[in-house]
Structure formats: structure tokens, C-alpha cells
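Take a look at the structure set out below.
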Amino acid sequence: MNPESKIYVAGHRGLAGSAIVRALKRKGYNNLITRTHSELDLTDQLAVQAFFEAEQPTHVILAAAKVGGIHANDTYPAEFIRDNLAIQTNVIHSAWQSGVDKLVFLGSSCIYPKFAEQPMREDSLLTGPLEPTNEWYAIAKIAGIKMCQAYRKQYGFDAISLMPTNLYGPGDNFNLENSHVLPALLRKFHEAKLNHDPQVVMWGTGSPKREFLHVDDLGDAVVHLTEHYSDSDIVNVGVGTDVSIRELAELVKNVVGYEGDIVNDTSKPDGTPRKLMNVDRLSELGWSAGISLKQGVENTYEWFLQNKDSYRS
Ligand SMILES: NC(=O)c1ccc[n+]([C@@H]2O[C@H](COP(=O)([O-])OP(=O)(O)OC[C@H]3O[C@@H](n4cnc5c(N)ncnc54)[C@H](OP(=O)(O)O)[C@@H]3O)[C@@H](O)[C@H]2O)c1
């Protein structure tokens, strides 16, 4: 990749995509092409093909997907499997067909078996059953990884697959029904502070452990691996350390400055007991995360306050 490379970032207004665009610009890549969902529906095969033929990008970073938390995955399984299969099939195939030099596919840590040995290594893929609440999404993502590997094997297409852990940061979705845990907690504590509520109810027991990567770290890692990695093996992109949801809630509560109590609603599902990435391969490739969870939550809360009239909800 060089400063003249014509890079298509699919999903550039999303949490990951917008951070990838920021990281590319920081590193001097300014020949970027983007399309909003309404300008180009990536589930539309003919439209995607026409776009690639017209634009002829040299590099593609696929950060467009139908994404959501436990509730959204469980409620809209058909949309999660269909949209994600369609988006990635259309983009990967058209990218190869139009002669793209390199494609980066973003998967997710949820592709690993529910009871994978922790921290999860890349070779635990397909060694056991998935977490049932998000298997629709996970199966689509696994198909995307396999498609990248198949196109590399059969056609020599330079497609790489990166598996980010849970992301958070500026541009996140703060909808209380279908967002991820960190932005949902941030908004809940913020609103509870404003309303002087005596308590905040937290989904589940609080005991599951999760790993959180700030999106600007993800953007940095994606650019680094696009520049330096070309192989069929998937690469975990994480921090390598995790916290319990309870610890996370305490941290968010302190950053927001909420003074009430935290109460657990144990009727709500917990999901996978622990999800921590093994990041040995990533370290060997010369990258590690630079933003601590505390710094990241503070930065995200600042962004939330500055964008409180326009954030996604
Ligand atoms: N967020 C995480 O914690 C996380 C963790 C691991 C991996 N990832 C991966 O990172 C990637 C991006 O996730 P994200 O969190 O950035 O999601 P996001 O914020 O929801 O962004 C996804 C983007 O894709 C676009 N999009 C969705 N369907 C589309 C379609 N049919 N045609 C065109 N554009 C479409 C969305 O546009 P609209 O909003 O206009 O529909 C949005 O801009 C995904 O592959 C996901 O698996 C995310």
C-alpha cells in the first residue's frame, strides 16, 4: 500500500469503519473511496459489481456488516445471517473480479466456540459449538473467513481476515435495546446521574469477563496489518487482558460520576462466560494496543457528551 493507493473503506460511518478512516488519514493515505448505505446497498450484488467496475479500488477494507448485541442477534437471526453473508460475498467476489490488490475482512471474537480455551487462540476456530445467541452472525463471519482463504488458495487473491475483540469508542451505538454492553452502561449511568436515580439495573450477573479494544487502537492495527501482513491465517486483534462486567460497570460509573447503586437483573442472559483473545500472533506481527480501558472510557464519555444530540441510539 502506498499514499496513492485507492482504498475503499466499506462501512466508513460505522464504529470500526470511521476509526479505520481516521487511522488511514493519520498515516497519510488520503485517496479513500466511501459510500453510505443509502448510496450503495452492499447486499445488492449488481450494484456492488457496478461500483467496483466503475471505481477500481486497489485496496478494500470491509468494515460494513449488520452488527448488534445479544438482544438484537437473538431477535433478528434471519437478518443477521442473510445480510452478513450477502455483504461479504458480494464485496469479496467483486473485489477479486475487479483486480483489487488486497482485501481486509473484519470478523469478530464471537466466531470462536463458546467454551474455547481461554485466552482464545486462532486455531480454536471450528473446534466446538458456538454461543447460541449469536451463532447466526458467527456462522456468517466464519463463512467470510473461509471465503477469503478459498479465494487466496484458488486465485491467489490477497485477502486477510482480522478478528477484533469487543470494540468501543467515539461513534458507538448507544441504543439501550441493541447496543453492546459498554456504550449501554455509559448511557445508563449518564441518564441515571441526570435523573438522580438511586440505582442502575445491569443485565445479567456481572460475572462474565470481556476484553475491550478502543476503536482508534483497532484502526491503527488494521492499517498496520494491511501494510505488513499477507497470509491465510486469521489474526486476533485484541488487548490481551479482560475485566468482569461488574468491574467495567464500576469503572464507567466512576468516569460518569454517578453516585447511586448497581443492581443486577439476573433474569437477563449473560452470554459466553469469558471472551479473551490470545494476541501472541498480533504481537509477533509487531502491534500492541496503546489505549488503556480507563483512558478509552474517559475519551468515549467525552465524545458522548459532545455528541449527545446526534449519537446513534
Ligand atoms: N463493534 C464491535 O464490538 C465489533 C467487534 C468485533 C468485530 N467487529 C466487526 O467490525 C465490523 C464493523 O462493525 P461496527 O461495530 O463498526 O458496526 P457498525 O457501527 O454498525 O457499522 C457498520 C456499518 O456497515 C454499514 N452497513 C450495514 N449494512 C449495510 C449494507 N447492507 N450496505 C451498506 N452498508 C451497510 C452500516 O451502515 P448503516 O448504519 O447506514 O446501516 C454501518 O456504517 C463488522 O464486521 C464487525 O463484525 C465489530
For GLU284, indicate whether it is more than 21 Å from ARG210 (Cα to Cα) and open to solvent by 40 Å² or more (accessible area, probe 1.4 Å).
yes
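Condition test on VAL21, is it within 22 Å of ILE145 (Cα to Cα), open to solvent by less than 60 Å² (accessible area, probe 1.4 Å) and either within 10 Å of the ligand (Cβ to nearest atom) or not hydroxyl-bearing (Ser, Thr, Tyr) (or both)?
Numbers: within 22 Å of ILE145 (Cα to Cα): no; open to solvent by less than 60 Å² (accessible area, probe 1.4 Å): yes; either within 10 Å of the ligand (Cβ to nearest atom) or not hydroxyl-bearing (Ser, Thr, Tyr) (or both): yes.
Criteria not met by VAL21.
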Take the residues in segment 28-39 that are surrounded by fewer than 16 Cβ atoms within 10 Å (Cβ to Cβ) and of a type outside the set (Val, Ile, Thr); name whichever of them is farthest from the ligand (Cβ to nearest atom).
GLY28
Identity of the residue in segment 129-140, open to solvent by 30 Å² or more (accessible area, probe 1.4 Å) and assigned to a loop (DSSP other than H, G, I, E, B), that ends up farthest from ILE87 (Cα to Cα):
PRO129
Give me a count of the residues in segment 81-110 that are within 11 Å of the ligand (Cβ to nearest atom) and either within 23 Å of TYR8 (Cβ to Cβ) or modelled with pLDDT of 95 or more (or both).
13
Report whether or not THR300 is surrounded by 12 or more Cβ atoms within 10 Å (Cβ to Cβ), at negative phi and part of a loop (DSSP other than H, G, I, E, B).
no
Restricting attention to segment 165-202, and to residues there that are surrounded by fewer than 22 Cβ atoms within 10 Å (Cβ to Cβ) and part of a strand (DSSP E or B), which single residue is nearest to the ligand (Cβ to nearest atom)?
ASN166
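Taking the conditions exactly as written (open to solvent by less than 20 Å² (accessible area, probe 1.4 Å), in contact (Cβ under 8 Å) with a residue 60 or more places away in the chain and on the phi > 0 side of the Ramachandran plot), does GLY257 satisfy them or not?
Numbers: open to solvent by less than 20 Å² (accessible area, probe 1.4 Å): no; in contact (Cβ under 8 Å) with a residue 60 or more places away in the chain: yes; on the phi > 0 side of the Ramachandran plot: yes.
No: the conditions fail for GLY257.
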Does segment 221-232 include one or more residues that are under 18 Å from PRO183 (Cβ atoms), surrounded by 13 or more Cβ atoms within 10 Å (Cβ to Cβ) and touching a helix residue (DSSP H, G or I) at 6+ places or on another chain (Cβ under 9 Å)?
no
Out of (1) open to solvent by 40 Å² or more (accessible area, probe 1.4 Å); (2) outside any helix (DSSP H, G or I); (3) touching a strand residue (DSSP E or B) at 6+ places or on another chain (Cβ under 8 Å), the odd one out for ALA64 is which?
(1)
Would you tally the residues in segment 268-280 being at pLDDT 95 or above and surrounded by fewer than 18 Cβ atoms within 10 Å (Cβ to Cβ)?
1
For segment 91-99, indicate whether the set of residues that are assigned to a helix (DSSP H, G or I) and touching a Gly at 6+ places or on another chain (Cβ under 6 Å) is non-empty.
no
Got at least one residue in segment 46-61 being out of contact with any Lys or Arg (no Cβ under 8 Å at 6 or more places or on another chain) and in a loop (DSSP other than H, G, I, E, B)?
no
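The values are calculated or read from the model by the stated rules, or taken from the named source; none is laboratory data. No experiment lies behind these values; they were computed from the predicted model shown. Methodologically, a virtual Cβ is constructed for each residue, glycine included, from the backbone with ideal geometry; neighbour enumeration extends over all protein chains shown. Ligands, DNA and RNA are stripped out before the accessible areas are found, and what is left, the full protein with its side chains, is counted by its heavy atoms. Shrake-Rupley method; radii C 1.70, N 1.55, O 1.52, S 1.80 Å.
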